[in-house]
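The values are calculated or read from the model by the stated rules, or taken from the named source; none is laboratory data. Just so it is clear, the structure is predicted and the values come from calculations on it, not from any experiment. Every residue, glycine as well, gets a Cβ built from its backbone with ideal geometry; the counts of neighbours run over all protein chains shown. Ligands, DNA and RNA are excluded from the accessible area calculation, which covers all protein heavy atoms including side chains. Shrake-Rupley method; radii C 1.70, N 1.55, O 1.52, S 1.80 Å.
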Amino acid sequence: MGFLSNLLQKYGAAGRNGKHRLGLLVKIWVMLWATAATADPVRIAALGDSLTQGYGLVAQNGFTAQLQNWLDTHEIEATIVNAGVSGDTSAGGISRVDWTLTPDIGAMIVTLGGNDLLRGLSPDLTRANLAGILDAAKAKDIPVLLVGMQAPGNYGADYKAAFDGIYSDLAADYDTLYFEGFLKPLTDLAPWGQVLTQYMQPDGIHPNAAGVALIVEAMGPKVAELAERAGN
């Protein structure tokens, strides 16, 4: 309404020609408003592994489904596309990022590296693969939310420091949004033994439905920010 008020002040008393121009401007404003109101929600590809795919859970309890519910509840105009593949490493992610970023995709969440850890792969290799994924997104002007992973202590302090630092470094280098760790909302909540019994599946690797809900609640605002970036 402020926009229309300014127009009225500028053209309202400008005579016949002014009124004609005002009418045209109002029509343009209405058309732009209608276009924005009916724009399709931004489509966000969630590129990841079994944590993203929803391993061990019924579809409605998986990460992408619960994240979609969170966005809908908070009236965020975004649609999550599940691009998670169980067992995928960062190498698998870079091999399919180009065909994941189809023209309809406006943003991407990257959650990869967990299987690199399980295989004890070199942090340098993981870093290079994730950088390649971010390069692909940058080339298509796709904003990214990079989700970190933390290495377990049994790999040694040097390995853990090298691996854990990958994500914050890349987020800074590529100016992506950053969420410190997929499981961090759970590990911050309680001792690991309690987390295992209350929020993890029996394999001790994948969160159960309640665990996913806590992760989504913590990550949701970052995804909302990602959607906003994609809309700008």
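Before moving on, here are some points about what is shown:
- Pairs are defined by a Cβ separation below 8 Å, a sequence spacing of at least 6 or placement on different chains, a first member in the range 59-70 that is farther than 7 Å from Val216 by Cα, and a second member that is open to solvent by 20 Å² or more (accessible area, probe 1.4 Å) and among the hydroxyl-bearing types (Ser, Thr, Tyr); the pairs so defined are Gln68/Thr79.
- Given (1) modelled with pLDDT of 55 or more; (2) over 23 Å from Tyr199 (Cα atoms); (3) open to solvent by less than 50 Å² (accessible area, probe 1.4 Å), index of the condition Leu22 fails: (1)
- Scan of the range 90-111 for residues that are small (Gly, Ala, Ser) and open to solvent by less than 60 Å² (accessible area, probe 1.4 Å), ordered by number: Ser90, Ala91, Gly92, Gly93, Gly106, Ala107
- Residue in the range 123-141 that is modelled with pLDDT of 95 or more, of a type in the set (Ser, Thr, Tyr) and within 18 Å of Gly93 (Cα to Cα) present: yes
- Residue check, Val85 surrounded by fewer than 22 Cβ atoms within 10 Å (Cβ to Cβ), of a type in the set (Val, Ile, Thr), farther than 18 Å from Ala230 by Cα and in contact (Cβ under 8 Å) with a residue 12 or more places away in the chain: yes
- Scope the range 174-194; condition open to solvent by less than 50 Å² (accessible area, probe 1.4 Å) and at pLDDT 95 or above; matching residues: Thr176, Leu177, Phe179, Gly181, Phe182, Leu183, Pro185, Leu186
- Checking the stated criteria, Ala157 turns out to be of a type in the set (A, V, I, L, M), without any contact (Cβ under 8 Å) to a residue 12 or more places away in the chain and open to solvent by 50 Å² or more (accessible area, probe 1.4 Å).
- Condition check for Ala162: in contact (Cβ under 8 Å) with a residue 12 or more places away in the chain, small (Gly, Ala, Ser) and surrounded by fewer than 20 Cβ atoms within 10 Å (Cβ to Cβ): yes
- Exclusive hit being in contact with a strand residue (DSSP E or B) (Cβ under 6 Å, 6 or more places away or on another chain), buried (at least 17 other Cβ atoms within 10 Å of the Cβ) and free of Cβ contacts under 8 Å to residues at least 40 places away in the same chain, set Ala230, Ala151, Ala171, Ala137: Ala171
- Asp116 open to solvent by 20 Å² or more (accessible area, probe 1.4 Å), more than 19 Å from the chain's Cα centre (by Cα) and either at pLDDT below 95 or closer than 21 Å to Tyr174 by Cβ (or both): no
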